[in-house]
Amino acid sequence: MQILNHNDLSLAQGTDPGEPGKLTEDNLSVQLTPYFSSSQITLYRGDAAILLSKMPNDSVDCIVTSPPYYGKRDYGIVGQLGLEDHPQAYIDKLVEVFSRAKRILKPAGSLWINIGDTYWSGKGRSHGEDAKQKNRRFNRPQDKRGTGPWCVPKQLLLIPHRFAIAMQEDGWVVRNDNVWYKPAPIPDPIADRCSLAHEYVFHFVKQRKYYFNAKAVAIPSNGKRETKPPFSVWIVPTVSEQTTSYRKKHIAAFPEQLVSLPILATCPPNGILLDPFCGSGTALFAAIARGEGRKAIGIDISEEALQETKSIADLFEKCRV
Ligand SMILES: C[S@@+](CC[C@H](N)C(=O)[O-])C[C@H]1O[C@@H](n2cnc3c(N)ncnc32)[C@H](O)[C@@H]1O
């Protein structure tokens with residue numbers, strides 16, 4: 001069996017590492033070597049689909065993640081997800097990643113996925129500098145001339161729900177399409193529709209009975225019972241809305257508050273959380289900060305992101321001693 005280090009791994013596939021399903025027998029025999037490992041956190045660098053296919057069965061209690069959104073960012077890395085020509089190709093790749101993650105998730109485990117939507121624009125590549133175009137300095141797939149009924153100008157692609165339906169078809173049970181409501185989102189300079197102020201956090205499970213600590217996430221009730229289940233609309237300011245002295249370098253970090261409910265409800269004491277698109281590690285640190293022996297595993301294709309995660313993990317480790 002071939003053993004490679006993390007730097008070799010993303011180059012070792014003999015194919016575009018961003019194309020799940022193109023694994024060969026050779027690269028399946030590559031063993032996992034961590035990019036970083038501490039008493040509580042293990043990080044792997046490379047393509048999520050490939051690395052997930054090398055992890056042991058039933059080895060994590062919950063998966064909490066946010067994949068790259070469709071056409072939102074160019075991380076400038078071969079194999080990155082999110083820049084596929086057609087949204088269907090993006091959805092297919094995501095479903096493939098999570099079908100590999102399913103084998104690793106324990107039977108009573110939960111999968112939580114934060115995902116946002118995108119409009120098709122079809123306007124061609126932008127060269128401008130106005131507010132709306134600041135995010136468009138790369139060749140976004142949705143700016144090209146599209147094919148088929150989804151890819152027409154002004155169309156909301158409905159990616160989150162198309163993705164959730166594809167996950168259902170792949171055998172996942174959808175428990176909630178929780179809405180993340182952002183009280184003060186980045187202004188959307190449009191004049192003929194409502195401004196988007198929400199994303200989704202889907203909760204998927206593998207089977208009818210699963211671990212869910214209802215008590216840990218219950219909210220006060222005025223009725224006969226003292227508490228009731230939490231609502232499916234979560235009001236959480238984005239990272240840029242929050243006033244904090246510490247600013248992460250990662251441009252797409254989600255707020256820690258967004259992952260508290262998933263962790264409290266579905267990552268048991270001594271449990272292991274996995275984030276296959278961990279970026280700056282928000283979900284990993286939120287899990288280990290809860291204590292009670294929780295551990296976390298992160299995967300990301302970007303060395304820059306993992307460097308940031310590693311430096312925060314080092315601080316956590318120092319605080320332990
Ligand atoms: C939305 S960001 C996640 C941010 C993270 N939740 C945080 O709070 O920092 C998505 C991440 O997916 C990574 N990524 C993109 N394509 C990937 C792939 N094929 N395999 C693994 N990671 C990938 C990007 O480098 C990026 O850090």
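Derivation of every value follows stated rules applied to the coordinates shown; laboratory data play no part. Computed from a predicted structure; not experimentally measured. Cβ atoms come from the backbone with ideal geometry, glycine included; neighbour counts cover every protein chain shown.
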Of K206/K310; K72/K144; K54/K318; K123/K154; K102/K310; K228/K295, pairs whose Cα-Cα distance is over 21 Å: K206/K310; K54/K318; K102/K310; K228/K295
For a label point 7 Å along the Cα-to-beta-carbon line of N270, residues of the range 196-228 with backbone N under 20 Å: 210-214, 216
Euclidean distance of C-alpha centroids, the range 27-103 and the range 296-315, integer Å: 14
N176 long-range amide H proximity, modeled H, under 5 Å: H203
Neighbour-limited loop hits for chymotrypsin sites (Phe, Trp or Tyr not before Pro), the range 202-232 (at most 11 other Cβ within 10 Å; DSSP other than H, G, I, E, B): F231
Restricting the range 234-316 to trypsin sites (Lys or Arg not before Pro) in coil, as DSSP defines it, with at most 12 other Cβ within 10 Å: R247, K249
Ranked Y75, Y90, criterion: other C-beta atoms within 10 Å, fewest first: Y75, Y90
Likely footprinting exposure, H86, H203, fewest C-beta neighbours within 10 Å first: H86, H203
Highest-first arrangement of 154-161, 262-269, where packing means the average Cβ count within 10 Å: 262-269, 154-161
Sequence-distant residues sharing a close amide H with Y44 (under 5 Å, placed H): Y35, G298, I299, D300
Computed label-point distance, nm, for sites S37 and S311 using a 7 Å Cα→Cβ extension: 2.5
Low-density loop positions, GluC sites (Glu not before Pro), the range 243-321 - DSSP coil, at most 15 other Cβ in 10 Å: E292
Extension gain, K209 back to S221 (0.36 nm per residue minus Cα-Cα distance, nm): 1.8 nm
